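First up is the structure itself, then whatever we jot down about it.
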C-alpha cells in the first residue's frame, strides 16, 4: 500500500534530482552557444510533451491529435503578431487560451469516448484540423505558412537575437513556470481526482465526482499548455507552417512521452531531448531510415520497457534501495 | 445535359472503383477489429507490400499481371500469419493505447523497409494493354481498368458474402465476433479462426494494394497516407460488420470523387466534413454499433 501511494504523496515535494535537471538546462546555454536554436525547439517539444502528459498520463485522456492545440496556438500567435500585436508573453497566453477554448468545444465528443473510439476521434480531429488549415489559404497561407513575424523585444529589453539566446531563456522560462503550475495542479485535490478518473471513472462517479467536468478542465488546461508551446515555437522561429498541425507531430510528441515515461512529471521533459537528439543525428543520416529508429523504439518500449526511461530508472532505484533495506 | 450525364458517369465509375479498392484494403481490418478488437495501425503496410510486390514482379521480371497479383496476395497472406504470431498474439490483452503505439511502430518500420527496398519515389503501376484501353461508357470514354476493378470488387464481395453467410467457417466466425466466450465454450477454436481471418484480411488488403496501384499510387508513406481513410471505413462500419463496410467504402469513394469533381480546389475536404458530422452524431457510440444479425 505504502509503495502504491507514496509517489502520490511525494509528488509535490521537490527531489534532489530535479535541481540537477533544471541546472542542466541552464548549463546548456553556456555549453552549446552555437546550438541554441535546436535547444530551443527541444524545450518547446518538452513543454508540448508535458501538456500531453497532463491529458494522457494523469487524466487518462488518450489523445492521438494533440498537435491540433499546438498548431492552433502557433497559428494564433502568428496571426496575432502579423495583425500588429507584438508583445510575446501576452501573445502566447492569448494563443494558449484560444487552444483551450477549442478543447472545450471538442471536449464533449472526445471525453465521452474512451479507449479505441477516443483514439479514433482525436486522430480524426487532427486530420480535420490539418486539412482545414491546408485548404483555408486566406487564413493560413496554406503550404507557404506564415512568415515575416515581428515581435517586440522581450520585456521591452531583450532583442530576439539570431543565435536564439533570448529565445532559449524565453522558452526555458515558460517551461519552468508551466511545469510548476502543472505540478501544483496535480498535487491539488483537483489533480488527485484526475488521477482517480484515470484509474477508474466508474468509481469516481460513485463517490460523487463530476467526472466529465473535471476531465474537461484537464483537457482544456492541457490544450492551453500545448497552445502556449505552439505559440513559443512560432515566436522563436518567426514562422508557422502546416507541420505544426500535422499528424506526424501528434505521433512524435506521443513517442517522446512514451519514451520518457507516461504519467511521470518528468516523462516528457526527459523523453523530448532524448528523442530530438537521436533524430537530429539520424536525420543527417537518412530521414527514412529514421523511421526504423522511431518504430523500433515504439515496439521496444511497449513490449519490453513499459514506463519508459523514467520507469526503468525508477525500477533500478527501487531495486537498489530494496536490496539495501533487506540487508539492514 | 450530355455534359451532366458524362459528369455523373465519371463520378459513378471513378467513385465506385475507388470505393471498391478502399473496401478491399479495409475489410480485413474491419474483421480483425470486430473479432479481437486489436487496432492495427499497420494494416496499410499489407496493402503497400502487396502493391509493390505485384508491380515490381510485372515491371522487373515481366510476370503476367494476373499471376503477379496472385503471387503477391498469397505471399502477403502467408507473411501476415508470421507477423500475427510474433506481435499480435501479445497484444490481445494489452490496452488500446499500447496496441495503437506498437502497431504504429510496426507501420514506421514497414515504411522504412519499403523505402530501403524500393526507393523513396512513387512507383507507377503497369497495366496490361487489355486494361489500359479506353471504351465508350454511358456518354464518356472510360478506362477498362476502372470497370475491371468494379467487377472484380463485386465478385469479391459476393464471394465474401457467400463465405461468411453460407459456410460453416463463416458461421463460426460470426459467432466468435458476437460472443467470443460463448463461441469458445461450444468448442470453436477462436485463436485458430482468427489467424485464418487475419490472413484472409491481409491477403485482401494486398489485393487492394496491387489492383489499386493505379488509383492509390504506391510510395513508402502509403501505409500512413491512407491510414485515415482505412480507419474511417472501420469506424463507420461498426463492430466487424462487413456488409456495412462495403457500403461505407463505396459511399466514401463516391463522396470524395464527387467533391473533387465539383469543387477541385476544396473538394478533398468534403470527406472530412462527413467524418466530422459522423463524429458529432455518433461520438461516444463509435464502434459499438450492434452487430447485424
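What follows is calculated from the coordinates using simple rules that are stated; it is not laboratory data. Worth saying up front: this structure is predicted, and the values here are computed from it rather than measured. Glycine gets a Cβ as well: all are built from the backbone with ideal geometry, and neighbour counts include every protein chain shown.
As a footprinting exposure proxy, order A:237, A:171, A:114 by other Cβ within 10 Å, with the fewest listed first.
A:114, A:237, A:171
Mean shadow of the range B:110-256, computed from the convex hull of its alpha carbons, in nm²?
Working: hull surface 44.6 nm².
That works out to 11.1 nm².
Using a 10 Å cut-off around each Cβ of peptide B:261-271, what is the average number of partner chain Cβ atoms that fall inside?
Shielding by partners across B:261-271 averages 2.
Over the range A:84-232, what relative contact order in percent results from Cα pairs under 8 Å that are six or more residues apart? Show your work: numbers first, answer last.
On the way: 103 pairs, mean separation 68.7, N = 149.
Relative CO of the range A:84-232 lands at 46 percent.
Provide, as a two-decimal number, the C-alpha radius of gyration of the range A:123-200 over 2.2 N^0.38 Å, N being how many residues it has.
On the way: Rg = 19.3 Å, N = 78, 2.2 N^0.38 = 11.5 Å.
Scaled against compact globular proteins, the figure is 1.68.
Just counting partner chain Cβ atoms within 10 Å, what average do the residues of peptide B:86-93 show around their Cβ?
Taking all residues of B:86-93 together, the mean is 1.
Express the Stokes-Einstein translational diffusion coefficient of the range A:72-119 in µm² s⁻¹, to the nearest whole number, given a Kirkwood radius over alpha-carbon pairs, 25 °C and a viscosity of 0.890 mPa s. Please report the intermediate quantities before stating the final value.
Working: Rh = 11.9 Å.
It diffuses with D of about 206 µm²/s by this estimate.
Could you compute Rg(Cα) / (2.2 N^0.38 Å) for chain B, with N its residue count? The partial results should precede the final answer.
On the way: Rg = 19.0 Å, N = 293, 2.2 N^0.38 = 19.0 Å.
Ratio of Rg to 2.2 N^0.38 Å for chain B: 1.00.
With the contact rule set at Cα under 8 Å and sequence spacing of 6 or more, what percent relative contact order holds for the range A:130-183?
Worked out over the range A:130-183, it gives 14 percent.
Take each of the peptides A:57-69, B:100-112, B:152-164, average the number of other beta-carbon atoms within 10 Å over its residues, and list them starting from the highest.
A:57-69, B:100-112, B:152-164
Where is the GNM fluctuation largest for chain A (alpha-carbon springs, 10 angstrom cutoff): A:187, A:49, A:103?
Between A:187, A:49, A:103, it is A:187 that shows the largest mean-square fluctuation.
Could you please state, rounded to a whole Å, how far the C-alpha centre of the range A:77-102 is from the C-alpha centre of the range A:21-62?
Cα centroid of the range A:77-102 versus Cα centroid of the range A:21-62: 21 Å apart.
Would you kindly calculate the mean projected area, averaged across all directions, of the convex hull enclosing the Cα atoms of the range A:263-307, in square nanometres?
3.2
Taking the C-alpha atoms of the range A:2-246, how large are the radius of gyration and the largest Cα-Cα span, Dmax, in Å?
My reading of the Cα-based Rg and Dmax gives 18.6, 58 Å.
Round to a whole angstrom and tell me the spacing of the C-alpha centers of the range B:199-233 and the range A:281-319.
28
Please compute the length gained on full extension between residue B:251 and residue B:268, using 0.36 nm multiplied by the number of residues separating them and subtracting their Cα-Cα distance.
Additional length available on full extension: 4.7 nm.
I'd like the FRET efficiency for residue B:67 and residue B:155, computed as 1/(1 + (r/R0)^6) with the beta carbon distance as r and R0 of 22 Å, rounded to 0.05.
Efficiency for this residue pair is about 0.75.
Kindly express, to the nearest 10 degrees and within the range 0 to 90, the angle between helix B:2-36's C-alpha long axis and the longest C-alpha principal axis of chain B.
It is inclined by approximately 20 degrees.
Can you give the convex hull volume per residue for the Cα atoms of the range B:2-103, as a whole number of Å³?
Spelled out: Cα convex hull of the range B:2-103, divided by residues, is 140 Å³.
Relative contact order of chain A, please, whole-number percent, based on alpha carbon pairs below 8 angstrom and at least 6 residues apart.
31
If you average 1/r across every pair of different Cα atoms in the range B:44-164 and take the reciprocal, what Kirkwood value do you get, in Å? Write out the running numbers ahead of the final one.
Numbers: mean 1/r = 0.0584 Å⁻¹.
Radius from the Kirkwood sum: 17.1 Å.
Just to confirm the number: angle between the C-alpha axis of helix B:144-166 and the first principal axis of chain B, 0 to 90 degrees, nearest 10?
Taking the Cα atoms of chain B, the angle to B:144-166 is about 20 degrees.
Under the definition of partner shielding as Cβ atoms of other protein chains within 10 Å of a residue Cβ, what is the mean value for peptide B:109-122?
Other-chain Cβ atoms within 10 Å of each residue's Cβ, averaged: 3.
How many percent of Cα pairs in the protein assembly as shown exceed 37 Å?
In whole percent, the long-distance tail amounts to 39.
Relative to the longest principal axis of chain A, what angle (0 to 90°, nearest 10) does the C-alpha long axis of helix A:67-82 take?
30
Show me B:65-71, B:198-204 ranked by packing, highest mean number of other Cβ atoms within 10 Å first.
The packing order, highest mean first, is B:198-204, B:65-71.
Run the helix sum for chain A: -39,500 (n - 2.57) per DSSP H stretch of 4+ residues, divided by residue count, reported at 222 nm to the nearest 500 deg cm²/dmol. The partial results should precede the final answer.
Details: 15 runs with 243 residues, N = 328.
Helix contribution divided over all residues of chain A: -24500 deg cm²/dmol.
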